[in-house]
Every structure is written in C-alpha cells, then in structure tokens.
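In what follows, a structure is listed as structure tokens, so that the remarks can point back to it.
Every read-out reported here was derived from the displayed coordinates using simple, explicitly stated rules and does not represent laboratory data. Not measured: the values here are computed from a predicted model. Ideal geometry is used to build each Cβ from the backbone, glycine not excepted, and the neighbour counts take in all protein chains shown.
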Amino acid sequence: MLNEREILINDSCILFDLIDLNLIEAFFKSDCNVYTTQMVIAEIADDAQLSVISKYISSGRLNIDSEDSFETIQSLFDKLPGLSYTDCSVLELAIRKKGVIISSDKGLRNESKRRNLTARGILWIIETLLKKEIITTEIALEKLKILPEINQRAPFKEITLLINKLENIDKKTID
Amino acid sequence: MNLANQNFFGTRLKLARKMAGMSLQDLSDKLGNMVSKQSINKYEQGLMNPTSEVLLAISKVLNVKPDYFLKKNTLELKEISFRKKSSMPKKVEESIIEKSRDYVERFFEIESIFNIKPKFRNPLKQIIINDKNAVEIAANKLRGAWELGHGPISSIVEMLELKGVKVLLIDSEDEIDGLSFFASNENPVVVVNRKFKSIERIRFTIIHELAHLLLEFENHIKSDPKQIEKLCHFFSSCFLIPKEMLIKMIGGNKRSYIDIKELISIKEYYGISIRAIVHRLNELDIITQNYYQRWMIYMSKTYGQKDEPGTFKGEEKQKLFEQLVNRALAEELISLSKASTLLNISINELRKGTVCAK
C-alpha cells in the first residue's frame, strides 16, 4: 500500500507508462513523495511527454534530485554492465534517500531487489490507486487491458491474473 | 589495450568532441554560457569533473548518451586505412574514425554481456601477394575456408558478421568510400559509406575493404598504394564471382560480342556491377582490351558515369548487433535504458518494439 511518507523514485519507463495510460494525474493525486533524477528527465525525448512531466515538476509534485554523487553512480555503472548510467542514477538516489524504486523495467527492478531495495511496477500503482479509491475498478480494468498495447514489454501473464482478480471481486460485489 | 585509464572522462570527452567535429570553442559556444572553453579544457585534462547537469548538456550537444563518457576503456584501433578524396578535411576523417570506434565499442559491450569473446583467424595469413594470380588464389582460398562454395552470396554483411568481421554501413555526405582497421584483439572492422551508392557498389567496397585487412603484400607492393588499391579491387571481383562461374555463365573462354542482357543477368545473380564484370572479362582475356574500352564508352554514353541497368535483389544491412541487444533485452540481461543507449535510439521507440513472452 502506498505510504505518504515513503519516497518513490521513478524511472522514465514508468513515467511513459503513466502518460500513455492517462494515469499520470491520478498517480500524482496520491500525495506521495515522488523523486526522479536529471538523467531520467533527459531520457524523455518526446516534446509532448516532456511538457506533461514539466507540469508536475513546476508544481513541485515531481522532485528532481540534484545532489547526486558522480563517484557513486560511476562505481555502480562499472559494476553493473546490464544497466545504463541513468539506471545507476536511479539506484544511487534510491540508496541515498532509502526510497522505493518505481519502474516498469524488469532489469532495473531485478537489480534493485538484489541490492535489498524495494522495487515496484505499474501493476502495483494501478492496484494502489484502486485501493485508495483514486480510480474505479472499471478504470483499472480498462487500463490493464490496454497496457500490453502501449508497452509491449508489459508482463502479460501478471496483467491477465490481475484482470481476473479484479473481475472476480467486481462480480462478487454485484452478486 | 586501453588508451587511458587515469583520465577516462577527459579522454572520452575529447573523442566525443572529435566525433562531432567540434573544437573546444565550438563546444563551448554550443553550450551557451554554461561551460567556458577553459573549463572544457580542464575536463579534458582530468583537472575537473563535471556535474550531472553539465554532463547532460555536453551529451546533448555532442549527440552521445552520458554512458559514452563513463567507459573506462577506450578501444584501440590498429592499421586504419582510408579510401577517401585527398581533399577531405582532417576533422571529417577524425569524426568518421570516432563514430566507427563508438559502434565497435558498443558491439563489444553487448558481446561481453553474453560472454562472447570474438576471435578472428585470417585464413589468408600464409599467402604473400605478389601479383594478380596470388590474389585470385587468395580469393578462392577465402571462399573455401569460409565454406561459401562458388555461388552468389546473398548478403555480404550478414556473411561477414557470422565470420567475425564487424561491418558498419554509414551515410556520409563526405567523399569517402570506406575504411578498415583492426580493433583490439585483432578483430577486423570494415566501414563503408552507402550514401548515393548502388547495392552492387556497396558489396564491392565491403570486400575491397576486407582485402586491405586480410591480404599480406610483398614488400615491393607495400610501398605502392596505387598497386595495392588495384589488387584489392581485383580481390573483390574474384571473391564476388569466382572465375569458373563467370566463364560458365558467359559461356566460354573467348567472346567477341556480348549482349547487355547477359551481363544484367550475371549482375542480378551475383550482385556485382556490369562495369566490374566487363573489367573482369578483360582481365581474364575473355574479351579484348579494345572491346572492353568500347563497352566502357557505351556504358557512359547510355547510362552516365555511375548508373547501370539491372539491380541485385538482395539487402546489405548490419543485423547482428541489433539482434544481440534485442536478445539481451528479451532475456532481461540489460535494462530498457541500457538497450536504448547501446542502440542509440530513444527509450520510447524501443519500449514499443519488444513483445514480452511471459
């Protein structure tokens, strides 16, 4: 469950998923403490997406960290050949702020877990927004159904399981 | 071998600047008021490290990902050999070399993720080239060693990639045909400019560049660059269409008249230009020098200096590097951001391209 005191560190993949699913506003409604790095923002090459994100940066809902340690990022980068410099900047921030990594990239999530950092993905966000009643079950189901179309790397099996779970809850509520 | 381990950021910055063809002043100007020429010089000398903000700004201006600057090992390139107009500015030459180095470094990086250690063995090492006969023997030997038979090669790039030769096709407006070099650990690399070139010309140039790397010339030839060029050209012809096959297709050892349709048919089957075929027929004494010259005049008058009828229906495109990155991504060995860095494309573009099997 989303804890307001928890620091969430977003990577660019999760920001792209939230924008494409039209869930970005709902995500930032949850009053959580969200951070990202300058490197992540630099990965957003599309002007329209950048303009959406800029809105949350200006309003202070998305914090851009600028206290990074070049040496720590470099040291992570040297040890982790499967990760990019940007991924390492996210890891460095999560370690420094003792935050939770929010990413839809399995490679980064796996590495975070290996380093005993908590890592969560888009399905966790959808479930959390639903539990906090920021979105309805109907909306959650609609977003889950289009997720594999907007992100072809999304975990299809887990999405199907969550859809089944939500549909069953919904059915039981109606019964 | 590493060029510089101590001041890797400075070394990389200098290389990236050369890749972009920029002077210290050019870079400083492009960065606006953010970083002075003196500060850039200090970064290059290893006297100062940039902040993340400056690193990002430099990456953007020089059109490389930040990861480029953090690689501790810079690949050494040996025996760099260029085919270009002598008037080509040094700045352009350096830029092409750095682009090639960057590509090969990224290729090696993805290979190391799979623990692939490329080892190339030159099958022609024992042959000393002293004349055209030796070139013909070498071309046949290479086809034999690589088990290619005598038939046409559908994709030269794909075939070479499988044999451990890295091929980079570039699109340069500059007057350059190609270059070749050995990367660390004796890995041969061929770079060919495909801009405004027919597929037959691209295929021919790739093998020409390969010849520069594989052929060992006798001492008296080594000092004669023009002769080396001619022999590498000849190697390309011999390799693309073996003598026996050309004689078989043209129907004999002597011909006094050849129809253009015959040549189009050979061109489309073997992927070698009509001009190169006619030149080879003359070299093999199948046609006379006089008839060869008449052919060249006919081609120029009818089709212009470069154009020709008929087209080889194949494709020349480097694929192995992209395949390895996509495989590493699918097997979750690398992150999406890492893949976008390796492929030098945006993360969003990549995000929409891989289907998760799970």
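Add -39500 (n - 2.57) for each DSSP H run of 4 or more in chain B, then divide by its residues: what number comes out at 222 nm, to the nearest 500 deg cm²/dmol?
Numbers: 17 runs with 188 residues, N = 358.
For chain B, the value works out to -16000 deg cm²/dmol.
May I ask which residue of B:57, B:10, B:38 lies farthest towards the positive end of the charge dipole of segment B:1-74, with charges of +1 (Lys, Arg) and -1 (Asp, Glu) on Cβ and the Cα centre as origin?
B:10
Mind checking the dipole of segment B:145-224: about its Cα centre, +1 per Lys or Arg Cβ, -1 per Asp or Glu Cβ, Debye to the nearest 20? Each step should come with its number before you reach the end.
Numbers: 8 positive and 14 negative charges, 41 e Å.
Here segment B:145-224 has a charge dipole of around 200 debye.
What does the structure give for A:37-44 when I average, per residue, the other chain Cβ atoms found within 10 Å of the residue Cβ? Intermediate results must be reported in sequence, preceding the final value.
Values: counts 1, 6, 8, 2, 1, 9, 9, 3.
Averaged over the peptide's residues, the number is 5.
Might you report the magnitude of the Cβ-based charge dipole of chain B about its Cα centre, with Lys and Arg at +1 and Asp and Glu at -1, to the nearest 20 debye?
On the way: 56 positive and 45 negative charges, 31 e Å.
Dipole size: approximately 140 debye.
Loop only by DSSP, 16 or fewer other Cβ within 10 Å of the Cβ. Give me the GluC sites (Glu not before Pro) in segment B:100-148 that pass, ordered by residue number. Let's see the in-between values first.
Working: sites: B:105, B:109, B:111, B:136, B:147; in loops: B:147.
Within segment B:100-148, the qualifying GluC sites (Glu not before Pro) (loop, at most 16 other Cβ atoms within 10 Å) are B:147.
Put +1 on the Cβ of every Lys and Arg and -1 on every Asp and Glu Cβ in segment B:128-303; which of B:196, B:212, B:281 then has its Cα farthest towards the positive end of the dipole?
B:281
Let me know the Rg and Dmax you get for segment A:17-172 when you use only its Cα atoms, in Å.
16.4, 54
Counting only complete DSSP H runs, which helices of chain B cover 18 Å or more along their long axis at the Cα atoms and score a mean Kyte-Doolittle of -0.5 or above?
Numbers: long enough: B:90-113 (35 Å, -0.70); B:132-145 (19 Å, -0.25); B:199-214 (22 Å, 0.68); B:225-240 (22 Å, 0.27); B:289-303 (21 Å, -1.21).
In chain B, the long hydrophobic H runs are B:132-145, B:199-214, B:225-240.
When averaged across all projection directions, what area in nm² does the alpha-carbon convex hull of segment B:128-303 cover?
On the way: hull surface 43.6 nm².
Computed as one quarter of the Cα hull surface, the answer is 10.9 nm².
Just flag the chymotrypsin sites (Phe, Trp or Tyr not before Pro) in segment B:149-232 sitting in loop per DSSP whose Cβ has no more than 15 other Cβ atoms within 10 Å.
Details: sites: B:181, B:182, B:196, B:204, B:217; in loops: B:196.
Loop-located and lightly packed - B:196.
Shape call for the protein assembly as shown from the C-alpha gyration tensor, a ≥ b ≥ c root eigenvalues: rounded (a/c under 1.5), prolate (a/b greater than b/c) or oblate?
Details: a/c = 2.75, a/b = 1.91, b/c = 1.44.
Prolate is the answer for the protein assembly as shown, as a/c is 1.5 or above and a/b outweighs b/c.
Would you mind giving the mean number of other chain beta-carbons within 10 Å of the Cβ of each residue in A:108-115, as a whole number?
1
Which loop-located trypsin sites (Lys or Arg not before Pro) does segment A:86-152 contain, where loop means any DSSP state but H, G, I, E or B and the Cβ has at most 11 other Cβ atoms within 10 Å?
Numbers: sites: A:96, A:97, A:98, A:106, A:109, A:113, A:114, A:115, A:120, A:131, A:132, A:143, A:145; in loops: A:98, A:115, A:132.
Here the trypsin sites (Lys or Arg not before Pro) that fit, given the DSSP loop and packing criteria, are A:98.
Taking the Cα centre of segment B:13-126 as the origin, how large is its charge dipole in debye, to the nearest 20, when only Lys and Arg (+1) and Asp and Glu (-1) carry charge on their Cβ atoms? Working shown, then result.
On the way: 23 positive and 14 negative charges, 97 e Å.
About 460 debye.
Starting from the Cα of residue B:220, step 7 Å along the direction of its Cβ; do the same at residue A:59; then give the gap between the two resulting points in nm.
For residue B:220 paired with residue A:59, the spin-label model returns 8.3 nm.
Which of the peptides A:69-79, A:47-57 is most tightly packed, and how do the rest follow, going by the mean number of other Cβ atoms within 10 Å of each residue?
Order by mean packing, descending: A:69-79, A:47-57.
Provide a whole-number value for the mean count of partner chain Cβ atoms within 10 Å of the Cβ atoms in peptide A:76-86.
Working: counts 0, 5, 3, 0, 3, 7, 9, 6, 14, 12, 10.
The shielding value for this peptide is 6.
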